Amino acid sequence: MSPAGFVGVDVGGGGTRVRAEYAGAVTQAEKAIPVPWDRGRVDLERLAPRIAAVIDDAAPGAGGFTSMAIGITGLPGLVMDPGTLWHALRGRFGLDTLVVAGDAVTTHVGALGFRQGVVVAAGTGVITLGTDLDGVWNQSDGWGYLLGDHGSGAWIGMQGLHAALRAHDGRAGGSAVLREHMTASFGHPLDLVALVHESESPAHRLASFTPLVAEAARAGDRVARRIWAEAGRQLGQTAAAAAAGLDPLISWGGRLFDAADLLMEPFQDTIRSLLPAARFAQPQGSSADGALALARAAASGSVRAHSPYVHVFTTERSPAPGEAPIGQT
């Protein structure tokens, strides 16, 4: 196979998105496939063929790619051996270089290009990264739905279900509107308990309720509106915390920000109160766009490894499975 360009991949809690550049054109594809998990870790062996299938959809007949960059949820922390993707995808796509990065990194590059600043990546989970892509790497949150991810889709969905269950029980702080949404979506609360606890991805299951919390908020439900306002405040706090030592340029990415009418005002107001010098920049592109930009840069050797956020693999010296990755310098 002869290399034909570059490919960027965004692997998030809600699916996999691809941007491919070959033969002078940029194409794309997306599949709403959940991230496979194994004992709380991302299962890269099962993930690799799913990534390959979406790339094939985006670039049928492309032949191969000089370089690829993958932004993946769970990195750092829940991805044990990024080299697994190199060994699985290198021959399949004729790669010379593969970058495996946290989706916070690809969201950052997608939103701000290669400028320093802070980007909040919010979807099913949330992680905020303040970086100059060199010596400063400030992570705020990104600790998973059990320990953190405050303000994320999973968090909003969980808060909405808490309020629905309170209404079901007759406890204070509940929402009858959210109770009705819960029943329509999941059935009896006992059915909900089984669905969440037996799910391969409980966070994804919780986040599936978030659009209904948004619907209730837009219809005037006070409890739902408070949940979204608090989500904005939580995300603003993570942004301010990640700005230490950086030009306080703030941007954002991820599908949660599609609900900007509910989220943006408390988000930005919280940042202004904590960081008066902050400036806001509309995101230039998505995490998949950022991954494609990283792939282009990696082809020229200008992407360096920054463990645990960025891993770079090349044909010059690729690690064996389980070996620490070798980064370009």
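Laboratory data are not the source of any read-out in this text; all were calculated from the coordinates shown. Predicted, not measured: the structure shown is a model, and the values here were computed from it. Backbone-built Cβ (ideal geometry, glycine too); neighbour counts: all protein chains shown.
Odds and ends about this structure:
- Relative contact order of the chain, defined on C-alpha pairs under 8 angstrom at six or more residues apart (%): 23 percent
- Just checking the listed ones, 191, 132, 247: in the Gaussian network model of the chain with Cα springs under 10 Å, the one fluctuating most is 191.
- Restricting the trypsin sites (Lys or Arg not before Pro) of segment 1-77 to loop positions (DSSP other than H, G, I, E, B) with no more than 10 neighbouring Cβ atoms within 10 Å leaves 39.
- Dimensionless Rg ratio for segment 195-329, taking C-alpha atoms and the 2.2 N^0.38 Å reference: 1.38
- Residue-by-residue Karplus 3J(HN,Hα) for segment 151-160, coefficients 6.51, -1.76, 1.60, Hz, glycine and proline x: x, 6, x, 5, 5, 4, x, 5, 5, x
- Residue 39 versus residue 171: modelled label distance in nm, points set 7 Å from Cα along the beta carbon direction: 3.4 nm
- Amide H contacts for residue 150 (H built 1.01 Å from N in the peptide plane; partners 5 or more residues away or on another chain; cut-off under 5 Å): 142.
- Between residue 300 and residue 246, the C-beta separation translates, for a Förster distance of 30 Å, into a calculated FRET efficiency of about 0.75.
- Contact order normalised by residue count of segment 117-280, Cα under 8 Å, 6+ apart, percent: 30 percent
- Each of 66, 16 was scored by other Cβ atoms within 10 Å of its Cβ. Arranged with the fewest first, they read 66, 16.
- Per the Kirkwood formula applied to alpha carbons, segment 117-280 shows a radius of gyration over Rh ratio, Rg over Rh, of 1.02.
- Among 148, 83, 220, residue whose mean-square fluctuation peaks in a GNM of the chain (springs only between Cα atoms under 10 Å): 220
- Helix 44-58 vs. the chain, principal-axis angle (Cα, 0 to 90°, nearest 10): 80 degrees
- Among the GluC sites (Glu not before Pro) within segment 173-241, those in coil by DSSP and having at most 12 neighbouring Cβ atoms inside 10 Å are 198, 200.
- Approximate shape of the chain as ellipsoid semi-axes (Cα gyration tensor, √5λ), whole Å, largest first: 35, 23, 16
- Note on residue 261 and residue 143: with the Förster distance fixed at 30 Å, the Cβ-Cβ geometry gives a FRET efficiency of about 0.60.
- DSSP finds beta bridges in the chain, and of those with both partners inside it, around 65 percent are antiparallel.
- C-alpha center-to-center spacing [segment 57-119, segment 196-215] in angstrom: 26 Å
- Relative contact order [Cα under 8 Å, 6+ residues apart], segment 1-143, whole percent: 22 percent
- One chain, two ends: residue 53 and residue 219. Fully extended at 0.36 nm per residue, the span grows by 55.8 nm beyond their Cα-Cα distance.
- Among 239, 217, 291: highest mean-square fluctuation, GNM of the chain, C-alpha pairs under 10 Å: 217
- Overall form of segment 1-106 per C-alpha gyration tensor (a/c, 1.5; a/b vs b/c): prolate
- Stretching residue 26 away from residue 194 to a fully extended chain increases their span by 56.2 nm, per 0.36 nm per residue minus the current alpha-carbon distance.
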